[in-house]
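Working notes, beginning with the structure itself.
The values are calculated or read from the model by the stated rules, or taken from the named source; none is laboratory data. All figures in this text were calculated on a predicted structure; none of them were measured in a lab. Heads up, the Cβs are rebuilt from the backbone with ideal geometry, glycines too, and the neighbour counts pull from every protein chain shown.
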Amino acid sequence: MPVGYRVAVDVGGTFTDFVVTGPGGELAATFKIPSTPKAPEQAVLGGLRMLTGAGPAPVPPTEVTFLGHGTTVATNAVIERTGGPAGLLITEGFGDLLEIGRQTRPSLYDLLADKPEPLVEREFVWEVPERVAADGSVVRPLDREGVRRGLARLRSLGVRSVAICFLNAHANPEHERAAAKIAREEYPELHLSVSHELLAEFREFERLSSVVLNAYLSTAMGEYLDRLAAGVAREGIRTGIHLAHSAGGLLTLERCLRRPAATLLSGPAAALVAAASAAAA
């Protein structure tokens, strides 16, 4: 049986919705307040204040034992292109892979078809001399000075998050680990996304797209979650924050900070899980 109050919050474009269950699992409250799009955490914190202090039967903050959150911050950042700027360290000779893609042409004969711009601009792509074969053997050692030059260049351009994606890193991540170690030691302020840590699978474009998306969202999601966590703590709520991810499950705040791309479909996925649960009840 659940202990304490469980609070679920979903932030939409117009309203931020709250559902609260009591210590016995009973429905204790449902309400909504206007969203605050420029600072989504403000609506969440405003609703929590209503719950813990302003209502007819306030819930003591210390009795909130679960806080779940569905969000569209990542979704909106991609749609509106407000993430980033992100940089990319990639194997020498593969700097154009984001634009080339897999050469699929869904609108082959459409002369006016739009081609989405890559999430990382070409100016922010740095090619590093190194090469790992498909079987994981090292063909060309990692140029560590090349990594340092690339990181220095990206920082000079104002980049705050960097993706690292080397060829065949799923088979042997040695070079990615070395590059990430340099970045973490020399630029600890950077948000770092490393392909083998995020998606250790073959197919270069898919792995590259995933790690670039993660880097692109790192700054926006990181700042949002930092503000949210600080605000929740100020309200006296001590339980951890869990965020809905794109598969319908939950991520801890710490894991979400490392994998913000997992929340790309957070809110919509949570809605589907809720609908399935209601239908099965």
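Things worth noting here:
- Given (1) in the same structural domain as Arg234 (by TED's automatic domain parsing); (2) buried (at least 16 other Cβ atoms within 10 Å of the Cβ); (3) in contact with a Pro (Cβ under 6 Å, 6 or more places away or on another chain), index of the condition Val19 fails: (3)
- Phe94 vs. criteria assigned to a loop (DSSP other than H, G, I, E, B), surrounded by 15 or more Cβ atoms within 10 Å (Cβ to Cβ) and at pLDDT 95 or above: yes
Table: residues versus (1) touching a helix residue (DSSP H, G or I) at 6+ places or on another chain (Cβ under 9 Å); (2) part of a loop (DSSP other than H, G, I, E, B); (3) hydroxyl-bearing (Ser, Thr, Tyr); (4) surrounded by 21 or more Cβ atoms within 10 Å (Cβ to Cβ).
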position: Gly87; (1), (2), (3), (4): yes, no, no, yes
position: Lys115; (1), (2), (3), (4): yes, yes, no, no
position: Leu119; (1), (2), (3), (4): yes, yes, no, yes
position: Glu127; (1), (2), (3), (4): yes, no, no, no
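- Of the residues Ala270, Ala230, the single one that is over 25 Å from Leu154 (Cα atoms) and surrounded by fewer than 22 Cβ atoms within 10 Å (Cβ to Cβ) is Ala230.
- Of residues in region 176-228 being in contact with a helix residue (DSSP H, G or I) (Cβ under 6 Å, 6 or more places away or on another chain) and among the basic types (Lys, Arg), the one nearest to Leu142 (Cα to Cα): Arg207
- Residue in region 189-205 that is among the basic types (Lys, Arg), in contact (Cβ under 8 Å) with a residue 24 or more places away in the chain and either in the same structural domain as Glu127 (by TED's automatic domain parsing) or surrounded by 17 or more Cβ atoms within 10 Å (Cβ to Cβ) (or both) present: no
- Taking the conditions (1) out of contact with any strand residue (DSSP E or B) (no Cβ under 6 Å at 6 or more places or on another chain); (2) buried (at least 16 other Cβ atoms within 10 Å of the Cβ); (3) touching a residue at least 40 places away in the same chain (Cβ under 8 Å); (4) not acidic (Asp, Glu) in turn, Gly248 satisfies each one other than (3).
- Ala169 under 19 Å from Gly93 (Cβ atoms), assigned by TED's automatic domain parsing to the domain that holds Ile90, more than 20 Å from the chain's Cα centre (by Cα) and at pLDDT 95 or above: yes
- Any hit, region 62-76, residues being in contact with a Gly (Cβ under 7 Å, 6 or more places away or on another chain), part of a helix (DSSP H, G or I) and aliphatic (A, V, I, L, M): no
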